Each structure stands twice: as C-alpha cells, then as structure tokens.
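Report on the following structure.
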Amino acid sequence: MEYEKLVSQALQARKNAYAPYSNFKVGAAVLTNDGKIFTGCNIENASYGATNCAERTAIFKAVSEGYTTIKAIAIVGVQNDYTYPCGICRQVIAEFATDDTKIILGKNDTEYLVKTLDEILPGAFTKKDLGK
Ligand SMILES: [Zn+2]
C-alpha cells in the first residue's frame, strides 16, 4: 500500500521530466525515515554531462531539507518495463540507505518490483569502508 502510493508519486513526478534529448522520462519518489516524501524527475542538459537523474533529484531535495535516511525510493521510467537506477544513482542511494531500504521499480500504479540495495549494488563501497 505504502509502495503503491510512492510509485504513484513517482509517476506524477515523471510528468515534469525535462528530457528533450533522450525522450526517456523518469520520475522518482523518496520516502524518508521521518515519513516525508520528496519527488524528482530527470533533468537533461544540452551539454549532456550536466544531466541529473530523477533519483538524485529526489534524494538531493530530501537531503537539502535535512532528511538523510531513505526508507524507500520508487522509480518509474518506461512504462512497459521496469527501469533500474543507473550506477551513479545506486551509489547515491547507498550513501543514504540502511539495510532495510527498499528500492521500488515501478511499471505503473500496481505493477512494481521491490529490491534491496544489496540486490542492485552488491558489495557497495560506503562510508563504513572509509573507517577500515
Ligand atoms: Zn541515475
């Protein structure tokens, strides 16, 4: 139920995607441990390299508002298949995730997969490694 709401918010955010170059629209919605939801869309740039993914837009919005723990993040890209986060976004999710964080890959309001970070980024390099 909570996941469906999050997927729905990601779908809504996808409408604001600025993707004139790839035409690949993505929306994301982050649920923080405090119960707040932050949404984001991909924002492309003529220089390509300055493009920002939907997941990072949503996460950076949350972090910039003081929410640094992700309980779940929903991602919706193309709607005839599941869209996984890119490598950079997986690393950013890892920075703010816990062992319980869920990554929800939405196809539409009712079809979605629920993954853990370990499933999509096994052996992640995190802040824990810096102290070794
Ligand atoms: Zn990405």
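The values are calculated or read from the model by the stated rules, or taken from the named source; none is laboratory data. Note that the structure is a prediction, hence the values are computed from the model and not measured. Note that we place each Cβ from the backbone using ideal geometry, even for glycine, and neighbour counts take in every protein chain shown. Heavy atoms of the whole protein, side chains included, go into the accessibility calculation; ligands, DNA and RNA do not. Shrake-Rupley method; radii C 1.70, N 1.55, O 1.52, S 1.80 Å.
One table, with the values for the structure above:
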item: Qualifying residues in region 104-118 (those that are over 21 Å from Ile43 (Cα atoms) and free of Cβ contacts under 8 Å to residues at least 60 places away in the same chain) - the one farthest from the ligand (Cβ to nearest atom); result: Glu111
item: Residue within region 99-116 that is under 24 Å from Gly49 (Cβ atoms) and either touching an Asp or Glu at 6+ places or on another chain (Cβ under 9 Å) or open to solvent by less than 70 Å² (accessible area, probe 1.4 Å) (or both) present; result: no
item: Test: residue in region 76-89 that is within 12 Å of the ligand (Cβ to nearest atom), part of a helix (DSSP H, G or I), within 19 Å of Ala13 (Cβ to Cβ) and open to solvent by 60 Å² or more (accessible area, probe 1.4 Å); result: yes
item: Options Thr110, Thr69: the member that is at pLDDT 95 or above and among the hydroxyl-bearing types (Ser, Thr, Tyr); result: Thr69
item: Contacts under 6 angstrom Cβ, first residue in region 38-65 being more than 10 Å from the ligand (Cβ to nearest atom), partner of a type in the set (A, V, I, L, M, F, W, C) and open to solvent by 30 Å² or more (accessible area, probe 1.4 Å), 6 or more apart; result: none
item: All positions within region 1-55 that are surrounded by fewer than 21 Cβ atoms within 10 Å (Cβ to Cβ) and in a helix (DSSP H, G or I); result: Glu2, Tyr3, Glu4, Lys5, Ser8, Leu11, Gln12
